Every structure is written in structure tokens, then in C-alpha cells.
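Worksheet for the structure shown next.
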Amino acid sequence: MNAPAPPAEALRDALDSLLDGLPPRQASAAVERLIASYRGATPTDAPILRDRADVAAYAAYRMPATFEAVRSALEAFADAVPHWTPSGHVDVGGGTGAATWAVSATWSGPRPVTVLDWAEPALALGREIAAANPALRDVRWQRARIGAQLALPETDLVTVSYVLNELPPSDRAALVDAAASAARAVVIVEPGTPDGYARVIEARDRLIGAGFRVAAPCPHSAACPIVPGEDWCHFSARVSRSSLHRQVKGGSLPYEDEKFAYVAAARFPVEPAPSRVVRRPQIRKGQVLLDLCGAEERLTRTTVTKRHGGLYKAARDADWGDPWPPEA
């Protein structure tokens, strides 16, 4: 018997099959309309994703990027909690389930999973796609309005990805508080923009206030050393571009980089990185410049040269978002 495909490959194959029979122009037009429709407010009367064609086009376009961003955040979190595996998962506002795929790619094994979303077509399509992933075949896909009145079941892990930007401030705060009350660990991912970073920092502060410890990306649970308005903390995940991506964006490269901001926190002990690379490393002749956020609660730049031996090679291999120094 052939082994099942890795989650990332299985997801790509499942998404490719969604567009069979859907004219390319129709798919492109649906994606462009849906992108223009998202204005930062949760729909009150009906979901923006109206039918299967809408959801199929948008899932094929956005789900790979969401998957890679959430998986990057979860991998950093898993590094900080090496002896922990979630025994249950609730994905809030999960739509077609990108975060559930990312969790299954990070921690193997079955677990109870619930995806909550207001868009019934998205949930239906998520259920269809999940059939390609054995770990997700028993997921509960539940329609729920994401907002201040949302009640979450107790679970080990709650993910909230690309959701806070769709909510008014009062609902954002209530959702983070509900996640903190229901879960032992919370991972929140937002777009890697100044506004996305600001929402992550607000959520981070609420989680710390609720007794959580930050596991990633921060090396500490103190205040973020970045001065608001001067800079923002974000990271990048490489995403393979489909033909639909190229149609909509008019690009020719086989990949794009998804910028995202995130926080991962837990109620139990965590082992955060000593420091984290917060900018793309600058490789120069005989040296590498690394911008770091460290446990001493400040931003620093360190220069690693050939005189540092093996550390220099590690610095040349280091990537934006990696922990530093590398593990022995």
C-alpha cells in the first residue's frame, strides 16, 4: 500500500481538483470580487462566500498561503513545547480548514477537531477537501457566527487565523478572551501588515493578562520592544503559486512570499527561543548581519564572521523567523 501524501502535497492536489470545470475567467473574476469585498467587517446578513464556485475559487487562491503561514507559526510553537502534542483542536473562523491542515502537518495522530465558521459553503467545501487527509476525515464542521457571543468548547489548542481583521475591536477582544478561557494553547495569525501586527499585539497582551506565556515568536512575555508606528514584527512563508495565482496577479514566478504576523502562547511551561531573527539576514563578504529580538527584551544586531567558525555557516543558512543561536 502506498503511503499517504504529505499534507502540503495532498492539499495542493485537492485544491487543483476544485477548479475542474470552472472556467479560468470565472475563477479569476470570483477571486478579484471576493478580495475587493473584504473590508474588515464580518457580514451581518449573509457570508461573503455565497456559493460553491465562490468558495472553490477563493480556497484555491488563498488556502495555500494560509496553510503555509499557519504551519510556520505552529512549527515555531512546536519547537518551544517539544514534549506537548494537542489532544484536541478548535479552529475559529476556519472556513475551508487551512489551519486544520497545518495542525495535522505539525503534529501527527488523530484528535478531535472542530472548525467554526459562518459561511456554510466554506464549511461544506472544507469537509470535501478534508477527505484527502486521513487525519481530518472526522472533523466537525459547525456553522457559528464569529463574534462577541461565540462560546468555545474546552480544548487543548485554539487557532484563529486571518479572522481578527474581519471583526470590530470589541468582538476581537471577546474572541481572544473566549479562546483563552477555552484552551491551553492559542495561536493567532494575521496578515503581516502594520495593522495586522497591531491586532496580534493586542491579542498577545490579552493572552498574557489571562495567564498565558508567550512561546513564539517572542523570546519573552514582556512588552514588545518595537516602537508602535516606527516598525512592525512580521515574517514570511514561501508559497508555491498555482496557475490561478498567476492569472489573478499576473505574475510569472512559481512562488510568492506570504507575509504574516503571529503569536503562540500557552498556559503551561514553554521553552521560547533565546532570540529570533526578525529581518531577512544580510549576507556580505565574510560576514552575516542578523537582526534579533532577544530574551533581554530588546532588539539587537549581531555580526557573525568567518572567525566564528561553525556559527558563521549557521548564520549563512539562517532564515527570517529562525531561532538564534541554532541548537547544538
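The values are calculated or read from the model by the stated rules, or taken from the named source; none is laboratory data. Computed from a prediction, not measured in an experiment: that's the story for all the values here. We place every Cβ from the backbone using ideal geometry, glycine too, and count neighbours over all the protein chains shown. These area figures cover heavy atoms from the full protein model, side chains too; ligands, DNA and RNA do not enter into them. Shrake-Rupley method; radii C 1.70, N 1.55, O 1.52, S 1.80 Å.
Among ALA76, ALA8, ALA29, ALA41, which is the only one that is surrounded by fewer than 24 Cβ atoms within 10 Å (Cβ to Cβ), modelled with pLDDT under 95, farther than 19 Å from LEU125 by Cβ and not charged (D, E, K, R)? Answer to the check: ALA41. For the stretch 181-195: of the residues being part of a strand (DSSP E or B) and not small (Gly, Ala, Ser), which is farthest from HIS234 (Cα to Cα)? By that ranking, first place goes to ARG184. Within the stretch 283-309, residues that are under 16 Å from PRO323 (Cβ atoms) sit with their Cβ atoms under 7 Å from residues that are among the small types (Gly, Ala, Ser) and not in a strand (DSSP E or B), at 6+ positions apart or across chains, in these pairs: VAL288/ALA315; LEU290/ALA315; LEU290/ALA318; VAL304/ALA315. Hey, does the stretch 49-61 have a residue that's crowded, with 17+ Cβ neighbours inside 10 Å and within 16 Å of the chain's Cα centre (by Cα)? The answer is yes; a qualifying residue exists. Here the condition is being acidic (Asp, Glu), modelled with pLDDT under 95 and either over 30 Å from ALA318 (Cα atoms) or surrounded by 21 or more Cβ atoms within 10 Å (Cβ to Cβ) (or both); of GLU166, GLU154, it holds for GLU166 alone. Could you tell me whether the stretch 127-137 includes any residue that is open to solvent by 20 Å² or more (accessible area, probe 1.4 Å) and farther than 25 Å from SER17 by Cα? No - not one qualifying residue is present in the stretch 127-137. Of the residues ALA179, ALA174, the single one that is touching a residue at least 60 places away in the same chain (Cβ under 8 Å) and farther than 19 Å from ASP291 by Cβ is ALA179.
Residues checked against (1) modelled with pLDDT of 95 or more; (2) surrounded by fewer than 22 Cβ atoms within 10 Å (Cβ to Cβ):
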{"position": "SER170", "(1), (2)": "no, yes"}
{"position": "ARG184", "(1), (2)": "yes, yes"}
{"position": "ILE188", "(1), (2)": "yes, no"}
{"position": "ILE201", "(1), (2)": "yes, yes"}
{"position": "GLY211", "(1), (2)": "yes, yes"}
{"position": "HIS220", "(1), (2)": "yes, yes"}
{"position": "ARG241", "(1), (2)": "no, yes"}
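One residue is enough: does the stretch 92-101 have a residue meeting the conditions under 23 Å from GLU128 (Cβ atoms), among the aromatic types (Phe, Trp, Tyr), open to solvent by less than 10 Å² (accessible area, probe 1.4 Å) and in contact (Cβ under 8 Å) with a residue 60 or more places away in the chain? Checking the stretch 92-101: at least one residue is under 23 Å from GLU128 (Cβ atoms), among the aromatic types (Phe, Trp, Tyr), open to solvent by less than 10 Å² (accessible area, probe 1.4 Å) and in contact (Cβ under 8 Å) with a residue 60 or more places away in the chain.
Every residue, every condition in (1) in a loop (DSSP other than H, G, I, E, B); (2) of a type outside the set (Lys, Arg); (3) crowded, with 21+ Cβ neighbours inside 10 Å, yes or no:
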residue: PHE260; (1), (2), (3): no, yes, yes
residue: VAL263; (1), (2), (3): no, yes, yes
residue: GLU271; (1), (2), (3): yes, yes, no
residue: CYS293; (1), (2), (3): no, yes, yes
residue: THR302; (1), (2), (3): no, yes, no
residue: LEU311; (1), (2), (3): no, yes, no
residue: TRP320; (1), (2), (3): yes, yes, no
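Within the stretch 314-328, can you find the residues that are out of contact with any helix residue (DSSP H, G or I) (no Cβ under 8 Å at 6 or more places or on another chain), under 11 Å from LEU290 (Cα atoms) and not aromatic (Phe, Trp, Tyr)? Of everything in the stretch 314-328, those that are out of contact with any helix residue (DSSP H, G or I) (no Cβ under 8 Å at 6 or more places or on another chain), under 11 Å from LEU290 (Cα atoms) and not aromatic (Phe, Trp, Tyr) turn out to be ARG316, ALA318, ASP319, ASP322. Among residues of the stretch 187-200 that are within 19 Å of VAL92 (Cα to Cα), those with a Cβ under 8 angstrom from a residue that is basic (Lys, Arg) and surrounded by fewer than 21 Cβ atoms within 10 Å (Cβ to Cβ), sequence gap 6+ or separate chain, pair up as PRO191/LYS259. So is TRP324 among the hydrophobic types (A, V, I, L, M, F, W, C), in contact (Cβ under 8 Å) with a residue 40 or more places away in the chain and surrounded by fewer than 18 Cβ atoms within 10 Å (Cβ to Cβ) or not? It is false that TRP324 is among the hydrophobic types (A, V, I, L, M, F, W, C), in contact (Cβ under 8 Å) with a residue 40 or more places away in the chain and surrounded by fewer than 18 Cβ atoms within 10 Å (Cβ to Cβ). May I ask you to list the residues in the stretch 278-292 that are among the hydrophobic types (A, V, I, L, M, F, W, C) and in contact with a Ser or Thr (Cβ under 6 Å, 6 or more places away or on another chain)? The answer is LEU289, LEU290, LEU292.
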